[in-house]
1. Got at least one residue in segment 386-406 being more than 30 Å from Gln188 (Cβ to Cβ), away from the ligand (no atom under 16 Å from the Cβ), of a type in the set (D, E, K, R) and surrounded by fewer than 20 Cβ atoms within 10 Å (Cβ to Cβ)?
2. Mind checking whether some residue in segment 66-73 is modelled with pLDDT of 95 or more, over 13 Å from the mean Cα position of the chain (by Cα) and assigned to a helix (DSSP H, G or I)?
3. Scan segment 88-115 residue by residue and report those that are basic (Lys, Arg) and surrounded by fewer than 23 Cβ atoms within 10 Å (Cβ to Cβ).
4. For a quick check of your reading of the model, give me the residue pairs whose first member lies in segment 196-217 and is within 16 Å of the ligand (Cβ to nearest atom) and open to solvent by less than 10 Å² (accessible area, probe 1.4 Å), whose second is modelled with pLDDT of 90 or more and assigned to a helix (DSSP H, G or I), with beta-carbon atoms closer than 7 Å and at least 6 apart or on different chains.
5. For Lys341, indicate whether it is in a helix (DSSP H, G or I), without any contact (Cβ under 8 Å) to a residue 40 or more places away in the chain and open to solvent by 30 Å² or more (accessible area, probe 1.4 Å).
6. Of Ile390, Ile405, which residue is at pLDDT below 95, of a type in the set (Val, Ile, Thr) and closer than 26 Å to Val151 by Cα?
7. Only residues that are assigned to a helix (DSSP H, G or I) and crowded, with 24+ Cβ neighbours inside 10 Å: list them for segment 260-278, please.
8. Mind telling me which of the residues Arg72, Arg118 ends up being outside the structural domain of Leu227 (by TED's automatic domain parsing), open to solvent by 20 Å² or more (accessible area, probe 1.4 Å) and not acidic (Asp, Glu)?
Amino acid sequence: MGEYMLRCVSDRSVQPAYSLTCPLDNSLLRADYQAKQIEPKSLPGIWRFMDWLPVQGIIARAQGAPVTYKSRGLAGELGLENLYISFNGCWPERGAKMPTCSFKDLEAAPTMQMLLERGDRPTLVVASAGNTARAFAHVATLTGQPLVLFVPEKALSRMWTAVPAGTAAGMGTGIVKGAGQVILMAVQGDYYDAIQIAEKVQSLPGFVAEGGARNIARRDGMGTVMLDAALTLGRMPAHYFQAVGSGTGGISAWEAALRLRADGRFGSVLPRLHLAQNLPNAPIYCAWKGLEAEPVCSDMFDDVLFNRKPPYSIPGGVRDALQETRGDVYGITDSQAAAAKKLFEQSEEIDILNAPAIAVAALEQAAIAGSIEPKDIILLNITGGGIARIEEEHTLNMLKPSITISHWEQAVLFLEGKK
Ligand SMILES: *Cc1c(COP(=O)(O)O)cnc(C)c1O
């Protein structure tokens, strides 16, 4: 299970396990799995798709997985006959149990498992404006994997986990202290300041970068959205809609579709990627449309969609994904997103995060413009939701920062003091 070779997309050269970069150019690496046809396993959550995840074992308590269902409410509003929703969040009635309510849970679990299998137990370093940090904090708490998080002060309110502190079991081997393994550093500044500090710390011995879009475990974890849909429908959808910041989810959907095409049982036409960004902070939209990028403004409908340097033009990146799937990118305003959010929540009867509302608005635009047909099989990725539900059923623990910093030297001093 999960046997693969790591290859550069640009020249297919095989690279050592756990590489994040290619020697000759800035190409992404991709897992070339031994299993050419996927056989779902009777394992919990996304581990069912283990043939196409870069892991040998599982984290049994990380059970979040996408749930694909046929829409009635939103489909009716938009006049679509075959609209399927991949719900990635917390919605117990539909069996959606993502512990931190966003599809970052799909990335965090296989990333952590791959890291555990390396054997040398480096401390993972993650910079995030919110959902990613929350997902990694949760899975680190489950596994006891040491983790250092750099989060801008403004995003601290998103740093909750629903695991009661002190009760998490590490790999079934006993009890590890709840938040003891997770060091949260609040950064005075924005997301980019947090990234820059994280980059310094990652380069120190004993620490490892999680790698973002370059990490195959992250991408193949997110790719399970497409796998779950294809296995549920018995075929690939014709269209895939998602709100993007970095576009990693779009690359992942494309890569999963390439594997499904090669499998032979799910159709031969790749789903068209319809990626949506929030105007005016929309570098992927601008690059795809050939527009000058707008200057960055700090207030966004959802700042999890903020990324100044998306993996757009690198081999295997977002542009390749869009070109090969005959895809498109949509620019969505705040007011369009707010209206779409309301439409979704009223018609599907579940709360969603702001980011996926951008994808709903893009779907609406595509339906009106006629770029999708009413009968087309469409997959809408709702990348996060159900926070209201989890708040009803769990007490959320706020993670408190160990220290607040403005320079990377402060982070290093603090970590040395911990040794
Ligand atoms: C991170 C995130 C996205 C965007 O993901 P990409 O990495 O750009 O694919 C969309 N929605 C939510 C809720 C997210 O947390």
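1. Pass one, segment 386-406, residues more than 30 Å from Gln188 (Cβ to Cβ): 386, 388-389, 392-394.
Next, from what is left, pick out any that are away from the ligand (no atom under 16 Å from the Cβ): 392-394.
From what's left, of a type in the set (D, E, K, R): 392-393.
Still in the list and also surrounded by fewer than 20 Cβ atoms within 10 Å (Cβ to Cβ): 392-393.
Yes.
2. Keep residues of segment 66-73 that are modelled with pLDDT of 95 or more, which gives 66-73.
Narrowing further to those that are over 13 Å from the mean Cα position of the chain (by Cα): 67-73.
Among the residues that remain, those that are also assigned to a helix (DSSP H, G or I) are: 73.
Looking for residues that are modelled with pLDDT of 95 or more, over 13 Å from the mean Cα position of the chain (by Cα) and assigned to a helix (DSSP H, G or I), one finds at least one in segment 66-73, hence yes.
3. At the first step, the residues of segment 88-115 found to be basic (Lys, Arg) are 94, 97, 104.
Once the filter is applied, which keeps residues that are basic (Lys, Arg) and surrounded by fewer than 23 Cβ atoms within 10 Å (Cβ to Cβ), segment 88-115 yields Arg94, Lys97.
4. Final answer for the pair search is Asn215/Thr111; Ala217/Pro110; Ala217/Thr111; Ala217/Met114.
5. Details: in a helix (DSSP H, G or I): yes; without any contact (Cβ under 8 Å) to a residue 40 or more places away in the chain: yes; open to solvent by 30 Å² or more (accessible area, probe 1.4 Å): yes.
When the stated conditions are applied, Lys341 passes them.
6. Working: Ile405 fails: at pLDDT below 95.
When all the criteria are applied, what remains is Ile390.
7. Going residue by residue through segment 260-278, those that are assigned to a helix (DSSP H, G or I) are 260-263.
The one that is assigned to a helix (DSSP H, G or I) and crowded, with 24+ Cβ neighbours inside 10 Å: Leu260.
8. Numbers: Arg72 fails: outside the structural domain of Leu227 (by TED's automatic domain parsing).
Checking each option against the conditions leaves just Arg118.
The values are calculated or read from the model by the stated rules, or taken from the named source; none is laboratory data. Computed from a prediction, not measured in an experiment: that's the story for all the values here. Please note: Cβ atoms are built from the backbone with ideal geometry, for glycine as well, and neighbour counts cover all protein chains shown. SASA here: full protein model, heavy atoms, side chains in, ligands and nucleic acids out. Shrake-Rupley method; radii C 1.70, N 1.55, O 1.52, S 1.80 Å.
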